[in-house]
1. At a probe radius of 1.4 Å, what is the per-residue accessible area of Phe16, in Å² to the nearest 10?
2. Over region 114-172, one equal point on each Cα, no solvent: what is log10 I(q)/I(0) by the Debye formula at q = 0.20, 0.27 Å⁻¹?
3. Between 0 and 90 degrees, rounded to the nearest ten: what's the tilt of helix 2-15 against the longest Cα principal axis of the chain?
4. For region 66-74, just list the computed ³J(HN,Hα) in residue order, Karplus coefficients 6.51, -1.76 and 1.60, θ = phi - 60°, integers in Hz, with x standing in for Gly and Pro.
5. Below 8 Å between Cα atoms, with a sequence gap of 6+, how large is the relative contact order for region 78-192 in percent?
6. DSSP loop (so not H, G, I, E, B), at most 10 other Cβ within 10 Å: list which chymotrypsin sites (Phe, Trp or Tyr not before Pro) in region 108-202 pass both filters.
7. Using a probe radius of 1.4 Å on heavy atoms only, what accessible surface per residue do you get for region 75-199? Whole Å² is fine.
8. Residues with beta-carbon under 9 Å from that of Ile170, excluding Ile170: net charge, scoring Lys, Arg +1 and Asp, Glu -1?
Amino acid sequence: REKSARFRRSLLNAAFTGALTGHDTSDGTLPTGWVKGTIGHVADVVGGRTPTKFEQRLESSPTVNRSVPFYKVGDMNSAVRYLSESRVYFAESETGLFGIEILPSGTVIFPKAGGAIATNKKRILKVPGAIDLNCMGLTPNGELLPKLLYWFFESFNLSSIADGSVLPQIGKKKVAGIEICYPVNLVEQHKLLDDIEASISK
């Protein structure tokens, strides 16, 4: 299993240097049509929030049409790649009341605090929802396909970007500054995505 994980990371690293698609990257140059940027250039980095006594307040208030998921780290256990269900739901009309933000589908989320970081889970939101205080989200801004952003984060361990405190944390600035190389053209991005998923499948 460990060898498989290492091979997976190696394969994904090759994908985001151009080597997977047959480009010669031995001299360190990027393939034609590729750029080097940062996560902050291709996505909005968003921290989660847990309103005070959130679940108790939901239980005590009148029932409304609550269909928006409130995702926690534990909800990631029920999904492999796409996340669409949670144990807690709220109504879109309650966002202002609780001061939480609904993230769009395509947002990549992962644990940002404590021992959960070591689980190395990354998920893509299949439906819009909010995330709690222990999660962080990356919402693509149109520069990069959401699934490519997901696969890029699958290429390394979250622990490598956490601080060394007793209770590990991943900071927004640290994530926003991570360098990423990718093709600018969307057609090329789709081709890279197909190559990645075909290789992972094998």
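The values are calculated or read from the model by the stated rules, or taken from the named source; none is laboratory data. These numbers were taken from a predicted model, which means no experiment stands behind them. We place every Cβ from the backbone using ideal geometry, glycine too, and count neighbours over all the protein chains shown. Accessible surface is based on the protein model in full, side chains and every heavy atom, while ligands, DNA and RNA are left aside. Shrake-Rupley method; radii C 1.70, N 1.55, O 1.52, S 1.80 Å.
1. Near enough 10 Å² of accessible area.
2. For region 114-172 at q = 0.20, 0.27 Å⁻¹, log10 I(q)/I(0) is -0.87, -1.32.
3. 70 degrees
4. 8, 10, 8, x, 10, 7, 10, 4, x
5. 25 percent
6. When the chymotrypsin sites (Phe, Trp or Tyr not before Pro) of region 108-202 are filtered for loop state and at most 10 Cβ neighbours within 10 Å, nothing remains.
7. On the way: 5660 Å² over 125 residues.
Averaged over the residues of region 75-199, the accessible area is 45 Å².
8. Its environment carries a net charge of +2.
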